[in-house]
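Here's the structure we're looking at; comments come further down.
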Amino acid sequence: MPIPTRKAVLWNAHAGSIAHARELEQQLRENSQIGFYSTASGQTLDQLVQQAFDDGFQCLIAAGGDGTASTVAGRVYASQQSHSDRIFSFGILPLGSGNDFARTLNLPLEPMAAWEAIEQGDLIDCDLLELEADGHSRVALNMLTAGNTGKYLENLTEEIKARWGPLCYLRGVVDVVVNLQVYHGQIEVDGQKIAGESWLNLFVANGKYSGGGQEVAANATPFDGTLNLLAIADGPPTELVSLPASYFRGEAPEHPLIHTSCGKSVTITSQEPWPCTADGESFKASLIHIRVIERALKVIQPQSEGLSNSLPSGTLSTAEASGTGMSQPRGKTIFSHP
């Protein structure tokens, strides 16, 4: 179904691949149906989002990386909760260095192609993750990571990531990674404790990718009302030649040190705080509870052949999506020059 014609673009002027989007930036600035809000103005992303809401926009496009997308998605979700009589929606124009959630949505990573996909896309209901970490709450769009993720990402080559997938996080795969810290704690999925108390890495996924395109949760989708857990336990260096042939065919990894499951919630309890990231934002916490918020907001996904047959309920009608019959103020374009 068509998405709203009037859209606010929240442009992160410092995004990783912004230099490749200058032509698109100029076109968006000149489009009378687009409200263009850039951090080059000196305003924060939160301030620009609020300005877009104040100007009457209900479809917000996050133009930047995963952090930008997560911030805008959280604000759209909060506004939808506060204004149930309105229909808010959200899209991603991937201009970051990782663009992990955009990959899950099958968005093109080339700016012009991505914008065309947005213009021709469908609105569907998308899940979010709600995090409570040592008493602090926030929502996440893509993924929570915990443990040694940062150390691994500094040393993983593209060849290693392509060959080993999630198994690259096991001891012995990346020999250059030294001084890995073991994190002790209890992990529960839907209230059920999983075996093991010594961990190297953990991912709670709404999307498939982390760290700039590394697929860590092949079965994860933000449209099914569940979250996916991948937990890497500590253990001796793996005898890699014993890996089953099924892994190299691209099937889900099976290994005694890897736990995978899906559910509605994950709880991590430990004595010492674990280093974590949520959509790129770093923090430490010793008590972390993550739950899925089903059908939390409406997101733009590119059309694809046969997509309509696989979409969950909640796809908007043309009238709903375009806001027919609703009073909408004229668009305001903010020209913010670096």
Completion exercise
When segment 47-85 is checked residue by residue, the ones that are in a helix (DSSP H, G or I) and of a type in the set (A, V, I, L, M) are 48, 49, 52, 69, 72, 73, 76, 78
Problem - Residue among 102, 140 that alone is touching a Pro at 6+ places or on another chain (Cβ under 8 Å) and either without any contact (Cβ under 8 Å) to a residue 60 or more places away in the chain or under 24 Å from residue 275 (Cα atoms) (or both) - result: 102
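Look at residue 89 and say whether it is in contact with a Cys (Cβ under 7 Å, 6 or more places away or on another chain), in contact (Cβ under 8 Å) with a residue 60 or more places away in the chain and either buried (at least 21 other Cβ atoms within 10 Å of the Cβ) or farther than 17 Å from residue 213 by Cα (or both).
Spelling it out, residue 89 is indeed in contact with a Cys (Cβ under 7 Å, 6 or more places away or on another chain), in contact (Cβ under 8 Å) with a residue 60 or more places away in the chain and either buried (at least 21 other Cβ atoms within 10 Å of the Cβ) or farther than 17 Å from residue 213 by Cα (or both).
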Practice task
Go through the residues of segment 49-57 one by one and say whether even a single one is at pLDDT below 95 and out of contact with any helix residue (DSSP H, G or I) (no Cβ under 6 Å at 6 or more places or on another chain).
Solution key: no
Exercise for the section: Scan segment 25-61 for residues that are of a type in the set (Phe, Trp, Tyr) and free of Cβ contacts under 8 Å to residues at least 40 places away in the same chain and jot them down. Expected result: 53
Exercise for the section: For segment 156-170, indicate whether the set of residues that are charged (D, E, K, R), modelled with pLDDT of 85 or more and either within 26 Å of the chain's Cα centre (by Cα) or outside the structural domain of residue 282 (by TED's automatic domain parsing) (or both) is non-empty. Expected result: no
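The values are calculated or read from the model by the stated rules, or taken from the named source; none is laboratory data. Every value quoted in this text rests on a predicted model; they were computed, and no experiment measured them. Note that we place each Cβ from the backbone using ideal geometry, even for glycine, and neighbour counts take in every protein chain shown.
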